[in-house]
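To start, the structure itself, in structure tokens.
The values are calculated or read from the model by the stated rules, or taken from the named source; none is laboratory data. The model shown is predicted, which means the values in this text are computed figures rather than measured ones. Cβ sites come from the backbone with ideal geometry, for glycine too, and all protein chains shown count toward neighbours.
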2 protein chains.
Amino acid sequence: MTDRINLRELKKERTRNSLLRTALELFTTQGFDRTTVDEIAEVCEVSQRTFFRYFANKEEVALAVQQTVESRFVAALRERPPEENPFEALRRTVLGTWDAMSRVVEELVPLELHMRTYQMIESTPSLLAVHLRRSIELEEELARVVAEREGLDVDSDPRPRVAVAAFGGVMRMTGRLWGAGGDASIDSIRALTESYLDHLRPSLAGQWRRDQG
Amino acid sequence: MTDRINLRELKKERTRNSLLRTALELFTTQGFDRTTVDEIAEVCEVSQRTFFRYFANKEEVALAVQQTVESRFVAALRERPPEENPFEALRRTVLGTWDAMSRVVEELVPLELHMRTYQMIESTPSLLAVHLRRSIELEEELARVVAEREGLDVDSDPRPRVAVAAFGGVMRMTGRLWGAGGDASIDSIRALTESYLDHLRPSLAGQWRRDQG
DNA sequence: AGGCTAATGACAGCCACTGACAGTTGACGA
DNA sequence: TCGTCAACTGTCAGTGGCTGTCATTAGCCT
């Protein structure tokens, strides 16, 4: 049914996926800046113009898989039990996302390629910049979900945005540290995430010197 | 003394400042994307090539004043009394920076132009992206200062980076809200900063519903 | 005055990206 | 099965950010 109708849609999906994989493969091996759009298009045997009909710009293709994972993240947060407090809900959602990631990612590209891509993003200035902007757009969305869970107005009560901002700040930092480190596994970023989130509340407390636990 | 020697340095400073002011003026009136580097250069009566000898790219000139303020911020944090706990030191430094800002900024451009520029940055995607990347680079620097204050190793103890990440997350959010709002005054962003930082610890606490205060 | 060197201008070229138009190819009804 | 329509694609020309190169200018210093 779904595969017989729409040869057109099928071709489109193939072209898009081909462009996506080729781009990530070239980016991760040669580097983002040393790969031209012409090169990607040529390997996929389409014109450069066609590339730009599938992806608005060179950055977008590099962040496309990330985009999918983030959408799942928002959906997963919406499904957390309402009795969890906001920070706990965010924390459990992110840990759950790491666990479900391989399945989500493998529908598009090999997991291993995505992990290499993530590391490339963190080490490529222009990509990192766009990635960060997208992540604060995601934060706004998360703040609205949190406010909804708690029955609050996001514009009059600062707490949803503040909680999400603090959470997001720690998330981005773990992403950066993980990208700089050598271990590209999911286990490694999951452990890092968990440990750093646990340090959030103690870090804001007054007395660091008294307890070193 | 300092003014007689170096006619050359003087000219350079004038050219740079002329490029800076012209750029910000054009960006804030016409928009960043609708202003070409050729246009800026032509107004200043230099070649486009010269523009790129003073500023690495079009974004850099838009963020140049911001850059100066950020440097002052780091210096000010270093001078906070060591008995303040890390978060309190960050909080007081940022409030102090708002107070000292007019003086720092006016050495380069009119304060009012800088405030307009800040709002333009927040509402221009490409600029916002670069701004955010620079702000996480700043965070790394701040984390090292905090660690030094506390006599900790930034790589083995997560708390300096975590505290700074949470702080930075809230800072960026207030910047965004301020940029979206109508009031471009320093007072307004100062008040926003103070209020939101005060909500940080309560936001991470478990029970939001019990106390609405 | 004249040589040295930093600063600039002029030019050619690469690459990301866009608009316009023409050609091609699935979809779908007659 | 065929022709028509609409979607998709290729080609081309052009803009703008940015870089390397080289000749020229202009301040500096003896």
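Only one of B:198, B:153, B:157 is more than 16 Å from the chain's Cα centre (by Cα) and crowded, with 16+ Cβ neighbours inside 10 Å. Can you tell me which? Even if it seems obvious, please write down each step before you answer.
On the way: B:198 fails: crowded, with 16+ Cβ neighbours inside 10 Å; B:153 fails: crowded, with 16+ Cβ neighbours inside 10 Å.
Within the list B:198, B:153, B:157, the selection yields B:157.
Tell me whether the stretch A:62-75 contains one or more residues that are within 14 Å of DNA strand C (Cβ to nearest atom), basic (Lys, Arg) and at pLDDT 95 or above.
no
Just checking, does the stretch A:158-168 include any residue being without any contact (Cβ under 8 Å) to a residue 24 or more places away in the chain and closer than 17 Å to residue B:129 by Cβ?
No, there is no match, as no residue in the stretch A:158-168 is without any contact (Cβ under 8 Å) to a residue 24 or more places away in the chain and closer than 17 Å to residue B:129 by Cβ.
Taking the conditions exactly as written (outside the structural domain of residue A:134 (by TED's automatic domain parsing) and in contact with an Asp or Glu (Cβ under 8 Å, 6 or more places away or on another chain)), does residue A:10 satisfy them or not? Steps first, answer last, please.
On the way: outside the structural domain of residue A:134 (by TED's automatic domain parsing): yes; in contact with an Asp or Glu (Cβ under 8 Å, 6 or more places away or on another chain): yes.
Judged against the criteria, residue A:10 is a match.
Within 16 Å of DNA strand C (Cβ to nearest atom), of a type in the set (Val, Ile, Thr) and surrounded by fewer than 20 Cβ atoms within 10 Å (Cβ to Cβ): does that describe residue B:109? Full working, then the answer.
Numbers: within 16 Å of DNA strand C (Cβ to nearest atom): no; of a type in the set (Val, Ile, Thr): yes; surrounded by fewer than 20 Cβ atoms within 10 Å (Cβ to Cβ): yes.
When the stated conditions are applied, residue B:109 does not pass them.
So residue B:116 clears everything in (1) touching a residue at least 24 places away in the same chain (Cβ under 8 Å); (2) basic (Lys, Arg); (3) closer than 30 Å to residue A:209 by Cα except one condition, right? Which one?
(3)
Quick one: how many residues across the stretch A:13-53 are more than 10 Å from DNA strand C (Cβ to nearest atom) and either loosely packed, with under 13 Cβ neighbours inside 10 Å or in contact (Cβ under 8 Å) with a residue 40 or more places away in the chain (or both)?
14
Can you pull out every residue in the stretch A:59-90 that is touching a residue at least 24 places away in the same chain (Cβ under 8 Å) and within 14 Å of chain B (Cβ to nearest Cβ)?
Listed by number, the residues that qualify are A:59, A:62, A:63, A:82, A:86, A:87, A:89, A:90.
Taking residue B:141 and the conditions (1) of a type in the set (D, E, K, R); (2) modelled with pLDDT under 95; (3) part of a helix (DSSP H, G or I), which numbered condition does it fall short on, given that it satisfies the others?
Result: residue B:141 passes all but (2).
How do the helices (runs of 4 or more DSSP H) wholly within the stretch B:1-106 filter down when requiring 2 or more residues that are within 13 Å of DNA strand D (Cβ to nearest atom) and charged (D, E, K, R): which remain?
Per the criteria, B:7-30, B:37-43, B:48-54, B:58-62.
For the structure I just gave you, tell me whether residue B:191 is small (Gly, Ala, Ser) and in contact with a helix residue (DSSP H, G or I) (Cβ under 9 Å, 6 or more places away or on another chain).
no
Would you confirm whether or not the stretch A:183-191 contains a residue that is surrounded by fewer than 21 Cβ atoms within 10 Å (Cβ to Cβ), at the interface with another protein chain (Cβ under 9 Å from one of its Cβ atoms) and not in a loop (DSSP other than H, G, I, E, B)?
The first filter runs over the stretch A:183-191 and keeps only residues surrounded by fewer than 21 Cβ atoms within 10 Å (Cβ to Cβ), leaving A:183-188, A:190-191.
Keeping just the survivors that are at the interface with another protein chain (Cβ under 9 Å from one of its Cβ atoms) gives none.
No: zero hits.
Applying the selection to the stretch A:171-213, what residues are among the charged types (D, E, K, R) and either in contact (Cβ under 8 Å) with a residue 12 or more places away in the chain or closer than 16 Å to residue B:162 by Cβ (or both)? Walk me through it before giving the result.
Initial filter on the stretch A:171-213 (among the charged types (D, E, K, R)): A:172, A:176, A:183, A:187, A:190, A:194, A:198, A:201, A:209-211.
Answer for the stretch A:171-213, where residues must be among the charged types (D, E, K, R) and either in contact (Cβ under 8 Å) with a residue 12 or more places away in the chain or closer than 16 Å to residue B:162 by Cβ (or both): A:172, A:176, A:190, A:194, A:198, A:201, A:211.
Being within 16 Å of DNA strand D (Cβ to nearest atom), closer than 30 Å to residue B:199 by Cβ and surrounded by 17 or more Cβ atoms within 10 Å (Cβ to Cβ) narrows it down to one residue among B:115, B:120; which is it?
Working: B:115 fails: within 16 Å of DNA strand D (Cβ to nearest atom).
Every option except B:120 fails the conditions.
Is one or more of the residues making up the stretch A:110-126 more than 14 Å from the chain's Cα centre (by Cα), more than 14 Å from chain B (Cβ to nearest Cβ) and closer than 17 Å to residue A:188 by Cα?
Yes, some residue in the stretch A:110-126 is more than 14 Å from the chain's Cα centre (by Cα), more than 14 Å from chain B (Cβ to nearest Cβ) and closer than 17 Å to residue A:188 by Cα.
Taking the stretch B:130-168 only, how many residues are touching a Lys or Arg at 6+ places or on another chain (Cβ under 8 Å) and facing chain A (nearest Cβ under 7 Å)?
Selection size over the stretch B:130-168: 4.
Collect the residues in the stretch B:34-90 that are charged (D, E, K, R), within 22 Å of the chain's Cα centre (by Cα) and over 29 Å from residue B:19 (Cα atoms), keeping them in residue-number order.
If the condition is that a residue be charged (D, E, K, R), within 22 Å of the chain's Cα centre (by Cα) and over 29 Å from residue B:19 (Cα atoms), then B:78, B:79, B:80, B:88 are the ones that fit.
I'd like to know if the stretch A:188-199 contains one or more residues that are among the basic types (Lys, Arg) and within 23 Å of residue A:83 (Cβ to Cβ).
Looking for residues that are among the basic types (Lys, Arg) and within 23 Å of residue A:83 (Cβ to Cβ), one finds none in the stretch A:188-199, hence no.
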